[in-house]
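Here the structure comes first, spelled out in structure tokens, and everything after it is commentary.
The values are calculated or read from the model by the stated rules, or taken from the named source; none is laboratory data. On a predicted model such as this, the values are computed, not experimentally measured, just so you know. Cβ atoms come from the backbone with ideal geometry, glycine included; neighbour counts cover every protein chain shown. The area values use the complete protein model at the heavy-atom level, side chains included, leaving out ligands, DNA and RNA. Shrake-Rupley method; radii C 1.70, N 1.55, O 1.52, S 1.80 Å.
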Protein chains: 4
Amino acid sequence: MSINSFGHLFRVTTWGESHGPALGATVDGCPPGVPLAAAQLQHWLDLRKPGQNKYTTQRREADEVEILSGVFEGKTTGTPIQLMIRNTDQRSKDYGDIADKFRPGHADITYWQKYGIRDYRGGGRSSARETAARVAAGGIAREAIKALAPGLQIKGYMVQMGPHQIDRDRVDMDQVDQNPFWTPDATAAQDWATYLDEMRKSGSSVGAVIEVVAKGAPAGLGAPVYAKLDTDLAAAMMSINAVKGVEIGDGMAAAMLTGEANADEISMDDDGKPHFNSNHAGGILGGISTGQDIVVRFAVKPTSSILKPRKTITKSGTDAEIVTKGRHDPCVGIRAVPVGEAMMACVILDHLLLHRGQVGGNRGKIG
Amino acid sequence: MSINSFGHLFRVTTWGESHGPALGATVDGCPPGVPLAAAQLQHWLDLRKPGQNKYTTQRREADEVEILSGVFEGKTTGTPIQLMIRNTDQRSKDYGDIADKFRPGHADITYWQKYGIRDYRGGGRSSARETAARVAAGGIAREAIKALAPGLQIKGYMVQMGPHQIDRDRVDMDQVDQNPFWTPDATAAQDWATYLDEMRKSGSSVGAVIEVVAKGAPAGLGAPVYAKLDTDLAAAMMSINAVKGVEIGDGMAAAMLTGEANADEISMDDDGKPHFNSNHAGGILGGISTGQDIVVRFAVKPTSSILKPRKTITKSGTDAEIVTKGRHDPCVGIRAVPVGEAMMACVILDHLLLHRGQVGGNRGKIG
Amino acid sequence: MSINSFGHLFRVTTWGESHGPALGATVDGCPPGVPLAAAQLQHWLDLRKPGQNKYTTQRREADEVEILSGVFEGKTTGTPIQLMIRNTDQRSKDYGDIADKFRPGHADITYWQKYGIRDYRGGGRSSARETAARVAAGGIAREAIKALAPGLQIKGYMVQMGPHQIDRDRVDMDQVDQNPFWTPDATAAQDWATYLDEMRKSGSSVGAVIEVVAKGAPAGLGAPVYAKLDTDLAAAMMSINAVKGVEIGDGMAAAMLTGEANADEISMDDDGKPHFNSNHAGGILGGISTGQDIVVRFAVKPTSSILKPRKTITKSGTDAEIVTKGRHDPCVGIRAVPVGEAMMACVILDHLLLHRGQVGGNRGKIG
Amino acid sequence: MSINSFGHLFRVTTWGESHGPALGATVDGCPPGVPLAAAQLQHWLDLRKPGQNKYTTQRREADEVEILSGVFEGKTTGTPIQLMIRNTDQRSKDYGDIADKFRPGHADITYWQKYGIRDYRGGGRSSARETAARVAAGGIAREAIKALAPGLQIKGYMVQMGPHQIDRDRVDMDQVDQNPFWTPDATAAQDWATYLDEMRKSGSSVGAVIEVVAKGAPAGLGAPVYAKLDTDLAAAMMSINAVKGVEIGDGMAAAMLTGEANADEISMDDDGKPHFNSNHAGGILGGISTGQDIVVRFAVKPTSSILKPRKTITKSGTDAEIVTKGRHDPCVGIRAVPVGEAMMACVILDHLLLHRGQVGGNRGKIG
């Protein structure tokens, strides 16, 4: 019920603002005995870290994570794990210009209306910096998953930038880590580089679509009716800054299918296990995993902090025009890739624990 | 944390199976003093009720709701409201054919794997009949909203059936209640009637996209980071049977926009209030409502119970072919319209209470 | 977070008023595959049922429980179990006298102040009748425990009535079911019979202390810091009507002990297992079970509905005197015995599931 | 549901171990706009701080609290407040002797059995040091209460040390801050000083009973059936280390009363408000506050870390004898006083918010 928390048994509460002394995550309910060191979490944080190339914000943050509790002699104890990331680059002079104006498309107006607080230094709690805490928590989830579902792999990648989609025929997963956009389509990566560079130079920004897949998840994860695996994934992804849409499997396109096209036919494979001949369902039926790949996609809107002038108003209620200087991402969707992976990891670990708690393990056998 | 519940303060737990004695909803946290009678809830249930025309299942259910607790002398008491709907048409003979086979695209295989239970009579807990309980609970939410946000209106309608979208230029909201598809486009309604009739006759089914809009919601509803209004709406809609995608505002299409196209510019209106010149955000920024229309869309996949033969397997692990007889909806999306409205009502009431609890009312003024 | 629910994974929501059409419990999170029939629950309800002897209220209620969902072919399905008990004896004429006056020591004044609702017919939601739903839910918990902790036994009994305590040297657990007070001290039972009969005839009432013991619970149940086993037991017992104090092990008397007297010494027993030489701790250390008997005690205040005249006020704010006619328990603590057992069962099952979920089973071995 | 959290809307998660780098509290759901600085929280921490006199542990901890998030320009923002207290005195050599033996009466055996982790350095998560985080969180609650319930006062004090109770006729609340035991009975304070000094010298320890009173709380706080004010208070107090019993109002002694003795008679006072002529109920009826003083008592067992030798076992399963050196409190109950106050503050604020959320304010008027 905590409004800044998610998860049923593996429960993550993030805290902190972009320009305060620190931010982090309080991770409760982690199984004990999981080998864990800060370096393992740092790996994932470094992937998300800004300032690594010209396509992400030039804000320089070390994003060094400290483990303050819950680990003893290199293993989790089963008690809360506190993760802290100091904010080192808190230059706020760049934001002075917008102290009184609201950025169209940004949360500063709604935060103001609700709370009567205007943290003009960089979005405060609504800053994308909050997602660093999620990435760190996701790193813990990944380590815990290893014992509970060995072989489970989570991978996110970009499938669309602005209006430009990848060509599914060109997908090569080995390409994902070879380009700054985490895309499996090498040709798209080249095209997008040119496209985004122009966007950046023109002071504009653009949206993106990210796909995250979990391979090797067991059947049986999820529960009706409000702890469905897809319900929790939808909430997890929609809770990420700037996300406006979430799809499972065929997603919105499922509306276009006929019943026979949508039905993933089943047959017994050579190992005597159920085999689905397609995966329109994205690995989830009735809110419960089928054992197929779990496939989630989400759309990230373009950064609202842009150099192009936009009409807006001030706190005192006068019309104005705004230009957002400062260091911003031309495509914030790029850094959303590791965030989406982290959310997937947290949700799956949570459901592994929830399933073990209520059911103990799958009870129905086929064949 | 209850796996069959949703909501923070206004908390709904649905229970019951399609072929058990009854189903219903336990509604906790409703404000006291709300005028409430079963007839008010029946109104919404009747809209969702099957068997009303040839486009919905011919199963005949009275769907009469009884209020068993929480109302005294015509008003809510502030204690749990128990809603019960008896299942009157429990014919299960139609389902005998599928007692041992799994329907492709249906939850019966995942329920079996997880729980080791095969309620072959009609989906059990995964049946769309569960949504009747949501509609009843939503009826309570609507009554409670009247006192907290007078004038707030919630309306759902179909914007796409199969591949056929409405023409936004033809939208006339007065049309929504004039056709069996709840669509605001009268021309589309005619076209879809022909289209769906063919689908039905051919033993197939088709998906749909539903849009639900809340007009007149105050600014300030929602909270970072995991009780965001859009997070809770995404979870609410994704938890509805057969939903595969959820969008807020521009949704997946937000990925295609540039920053300047996406930014809903703001100006002061003649009444001295902020006015947004567009609504790409769907009324939500940073997880908090802006005061604009709150716009949600979700895609419903086609019914998996179809007359067309599909390849499948049996519990004992042999390949088979399945044809689902029985009484099914050619477009289950039709009946999802009142369900989506109900979920919107529940989420908004919940956030009205949550906002009043933590903040008391909006604290920041403009102008 | 639901205000009428308890439990983390095994989650019970009770609903209903004493004079409405029905009351019951929505039980979510029960493991699947537990053999369950209404008759098993009825057994426990019959023990709590009023009107069985002259020491409990003469209100006659069949207290017949119906299972409306969550059970298929005699086994739990893992989905919500709805339990309903119809109110058959809803005579409310006896209460007419108190429609406008508040009973001193009764919740009717606080319910009125908070909710503005005055269900004068018998306490409404605050009636002890609500505990019937808990007893039914506890019956489910008992069945589920059988598979998870075979041999675990839960037994409650009265250790004090008014100022009269049992003599611990006379305790014979076989006596508990042999007297109307559920006491293991046969001599006390005789004395209390005389004592309570006088109380009843004089129109007064009296309090009691109940002890509930769980034998055979495994070590390792509970978790710091707010899901401690004793924290949850304290909440569970204090939530029962009229309970004013809860003790674990030595309870309030622990304050009087020195460190060496309180420390339950440990030695290895002949089976190579840890053996505690005493049980001041009541089977719980640091919020986690030790494997010893789990011992909880709670005090029940005397019924506030008595024939003796008391000073009070009316809704309209005038001084008055009140005499409560109607059918009331001279010692409501008697019927609290099966309720306390039920709460113990629910809490222990919940922690068995929670422990399995997070930890999987005990990880530390001794010897 | 988070196992290390408490509260419904004002939600506190504590984290950290006695000998790790730091401990703290993540406080979510605090109303925005509350004036807050670290110094206000430090005031309460200093009261609890060890090493201030010879009756508390000689471990020297600065216990300096830092606010890492949730406060901007001196006011709470409505987002999570992270409180961190660095552990500065982490000498662990004193504990070496007990690295392999379990302390009778201590949680180290149950933590080991459950988690397979043995943090021999000082209790890890089960250390009383965890309560520093509660005291800091309680300090926030106190500040937030000021706006919601002006004039509300919370005060805790010791009413029993070992077998020695205070004399209620000698109570003078001005004395509470004048002696090291926080007792309102000056004579008892003198007697206890002698008594505890002997205990300390003999290497023993002793228990205590603490009473906490909230004056000026409005009527209407609390809700049936599992968010009762007394249920939440019982859980809050029982969750404190070493607490074995909790009482509301007359507590366990309520069992001894007759109905007429227990019933707090009501009359209208000169201001036209209800006046209770006594307070056996401890300010709570049916789980909801009456407007009287809210009175809670809890018993703290003696410290289990004592110099007196006790029989125990080792991890490897051999019998042994243990003597706990190190720096321990002869009466850990002393430092429980500010902790009990903090828990009362957190519970009351939580219910102020919960009541405002669901009900908006009291709805029933008298007179």
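Tabulated results
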{"quantity": "Ranked order, D:GLU198, A:GLU17 - accessible area, probe 1.4 Å, largest first", "calculated": "D:GLU198, A:GLU17"}
{"quantity": "Residues B:ASP197 and C:ALA62, FRET efficiency given R0 of 56 Å [Cβ-Cβ distance, rounded to 0.05]", "calculated": "0.60"}
{"quantity": "Fraction of accessible area attributable to carbon and sulfur, region D:154-244 (%, probe 1.4 Å)", "calculated": "45"}
{"quantity": "Surrounding net charge for B:ILE117, when Lys and Arg each add one and Asp and Glu each subtract one, Cβ distance under 13 Å", "calculated": "+4"}
{"quantity": "The protein assembly as shown - mean residue ellipticity at 222 nm from DSSP helices (-39,500 (n - 2.57) per run, n ≥ 4, rounded to 500)", "calculated": "-8000 deg cm²/dmol"}
{"quantity": "In degrees, nearest ten, helix C:333-358 long axis to first principal axis of chain C (Cα)", "calculated": "40"}
{"quantity": "Cleavage-rule hits, GluC sites (Glu not before Pro), region D:61-150, DSSP coil, Cβ neighbours within 10 Å at most 15", "calculated": "D:GLU64, D:GLU73"}
{"quantity": "Mean Cα-pair separation over length for chain A, i.e. relative contact order, pairs under 8 Å, 6 or more apart, %", "calculated": "22"}
{"quantity": "Heavy atoms of B:ILE266 accessible to a 1.4 Å probe, total area in Å² rounded to 10", "calculated": "0"}
{"quantity": "Burial of 50 Å² or greater, region D:208-255 residues [accessible area, probe 1.4 Å, versus chain by itself]", "calculated": "D:PRO224, D:VAL225, D:TYR226, D:ALA235, D:MET238, D:SER239, D:LYS244, D:MET252, D:ALA255"}
{"quantity": "Calculated label separations, D:ALA186, copies of the chain, 7 Å along the beta-carbon direction, nm", "calculated": "5.8, 8.9, 9.1"}
{"quantity": "Surface/4 estimate of mean projected area, convex hull on alpha-carbon atoms of region C:272-347, nm²", "calculated": "9.1"}
{"quantity": "Cα gyration tensor shape of region C:71-221, rounded if a/c is under 1.5, else prolate or oblate by comparing a/b with b/c", "calculated": "oblate"}
{"quantity": "Degrees separating the helix A:38-48 axis from the principal Cα axis of chain A, which is the longest one", "calculated": "60"}
{"quantity": "Members of C:LYS365/D:LYS308; A:LYS54/A:LYS75; C:LYS54/D:LYS215; A:LYS146/C:LYS273; A:LYS228/C:LYS273; A:LYS49/A:LYS146 lying beyond 30 Å, as alpha-carbon distances in this model show", "calculated": "A:LYS54/A:LYS75; C:LYS54/D:LYS215; A:LYS146/C:LYS273; A:LYS228/C:LYS273"}
{"quantity": "Computed over chain B, the ratio Rg/Rh where both radii use C-alpha atoms and Rh is Kirkwood", "calculated": "0.98"}
{"quantity": "Pairwise Cα inverse-distance average, inverted: Kirkwood Rh of region B:231-277 (Å)", "calculated": "13.3"}
{"quantity": "Per-pair calculated FRET efficiency, R0 = 22 Å: A:LEU47 and A:LYS146 via Cβ, rounded to 0.05", "calculated": "0.75"}
{"quantity": "Solvent-accessible area per residue, Å², over the protein assembly as shown with all protein chains present [probe radius 1.4 Å]", "calculated": "30"}
{"quantity": "Summed buried accessible surface, chains D and C, 1.4 Å probe, nearest 100 Å²", "calculated": "9000"}
{"quantity": "Ascending list, in nanometres, of distances separating the C:LYS273 label from those of the other copies (7 Å, Cα toward Cβ)", "calculated": "3.8, 5.8, 6.9"}
{"quantity": "Degrees between helix D:130-148 axis and first principal axis of chain D (Cα, 0 to 90, nearest 10)", "calculated": "20"}
{"quantity": "Overall dimensions of the protein assembly as shown by Cα: Rg and Dmax, Å", "calculated": "31.1, 95"}
{"quantity": "Cβ nearest the rotation axis (D onto A), residue from chain D and distance to the nearest whole Å", "calculated": "D:THR26, 2"}
{"quantity": "Distances in nm from A:ASP197 to the matching label points in the other copies, shortest first (labels 7 Å along Cα to Cβ)", "calculated": "5.9, 8.3, 10.2"}
